[in-house]
């Protein structure tokens, strides 16, 4: 992915839509008592298309926007999602993605890592109440949902046409025999 | 060239990490700031529209979720219905008696809200925190609708939480299940008082902590807000707002831990419409 101004605007719009969709839809529905979290999967897909720097910046910006809309302390989501974006981007830069399962598995693993990251920051800040074991179920289910969300976002290439400007192939004329 | 790129990448990463820590340090526990207020003002109408537009899709997903749950819920509801029938007979007698007594002391108004002169403002939930570690929702009414920080928030079933921060067109509600939440409560009719705290990650379980071990509490009793007032200080919640039902309180547990398990009346995980109790006198 080459970062042209057009592509940067598209990434910003995708991030904005992703956050709005998360807050207005995904956070408010429950499947087996757990709400899916699309944002780590979205950041992973952006990083897999754009690399570590794009992933880190996209993760930071999406996290900042999320914290602004939720009126939470700024920086928590940014820190977690920038880590997710950077790791996913590094993976793309260092390894060949030759398996269609890889991006979905990365979405799953990094969503789990993101949730654990949120937990670690919350514990550092201080949790004034006991933590239920049910949180383990929630974390695992969120990761499974991320697998299924990452699949259409990356594997079915929902984002790719918007973010990668592929050169249009010129049609070549068929060579004609002389005098025909 | 490659080394320069790597150095640049690391510099940007370091800058973003440091930026996140700086933001966290500056804004933690400070309420909303100018950036949040500005973005919230711009995006809360958009969130309101998105919330309404996506409601049919949400309802469809909820329908699937509830269908899975329905089988287990059916048998639980049958046993609950039997208990409620028994209680309703006793409740009707108590209400008759209550009405007569209220007339006697000229207090024939709503027992909870009217006595404290609260003005309920109805609001719709427009956003919810996506992580399992936070428990807050945003509503589409803010300071423009008369909402203030610390106003109690209720649903049709009982107390939900309180207003944590207010913007012109929206407000953030800290739910009962947030780790910072604590509500002084009492068990009726046992009279034991304590503090209702959450168990992080489980929206269907609250803990009634610091209860008096001499007053026996048992399953099925109702927990309501205590609402206290003393020398210039008052509880944020009026007395008598329903909170939940005691599910487990063995004598051994009560004596050893001075705790009881409570199931909240409000379906905190699936809030759609809530009421903010504005104005009124606290405690």
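Just so you know, all these numbers are worked out from the coordinates, no wet-lab data involved. Please read these numbers as outputs of a predicted model, since none were measured by experiment. Glycine gets a Cβ as well: all are built from the backbone with ideal geometry, and neighbour counts include every protein chain shown.
Brief remarks follow.
- Principal-axis analysis of the Cα atoms of chain A puts helix A:52-70 at an angle of about 50° to the longest axis.
- Helix-only [θ]222 nm of chain A, DSSP H runs n ≥ 4, -39500 (n - 2.57) each, per residue, nearest 500: -21500 deg cm²/dmol
- Considering only A:81, A:17, A:64, the mean-square fluctuation computed in a Gaussian network model of chain A, springs between alpha carbons under 10 angstrom, is largest for A:17.
- For the pair residue B:88 and residue B:55 in one chain, pulling the backbone fully straight at 0.36 nm per residue adds 8.4 nm over the alpha carbon distance.
- With the simple model of a label 7 Å out from the Cα in the direction of the Cβ, residue B:21 to residue B:80 spans 4.8 nm.
- In range of the label at residue B:69: residues from region A:17-33 whose backbone nitrogen is under 17 Å from the point 7 Å along Cα→Cβ: A:26-33
- Equivalent ellipsoid semi-axes, chain A, via Cα gyration tensor eigenvalues times 5, rooted, Å: 37, 17, 15
- Hydrodynamic radius of region A:53-110 per Kirkwood, over alpha carbon pairs, in Å: 11.9
- Inter-probe distance in nm under a simple model that places probes 7 Å from Cα toward Cβ, at residue B:193 and residue A:3: 5.9
- Among A:100, A:111, A:54, residue whose mean-square fluctuation peaks in a GNM of chain A (springs only between Cα atoms under 10 Å): A:100
- When only alpha carbons of the protein assembly as shown are considered, Rg and Dmax amount to 26.1, 115 Å.
- For chain A, modelled as a GNM whose springs connect Cα atoms under 10 angstrom apart, the maximal fluctuation among A:93, A:115, A:30 occurs at A:30.
- Taking 7 Å steps out from each Cα toward its Cβ at residue A:12 and residue B:148 produces label points 4.0 nm apart.
- Residues A:97, A:135, B:211, A:62 arranged by fewest to most Cβ contacts within 10 Å: A:97, A:135, B:211, A:62
- The fewest-to-most ranking of A:98, B:65, B:140, A:37 by surrounding Cβ atoms within 10 Å reads A:98, B:65, B:140, A:37.
- Cα long-axis angle, helix A:39-50 against chain A (0 to 90 degrees, to the nearest 10): 30
- Peptide A:122-132 - average C-beta neighbours from other chains (10 Å radius): 6
- Residue order, fewest to most surrounding Cβ atoms within 10 angstrom, among B:170, B:88: B:88, B:170
- Hull shadow area, averaged, region B:125-214 [alpha-carbon convex hull, nm²]: 6.5
- Normalised radius of gyration (Cα atoms, divided by 2.2 N^0.38 Å) for region B:1-88: 2.11.
- Region A:10-46 and region A:55-134: distance between their alpha carbon centers, rounded to Å: 12
- Chain A: angle of helix A:134-150 to the longest principal axis, Cα-based, in degrees nearest 10: 10
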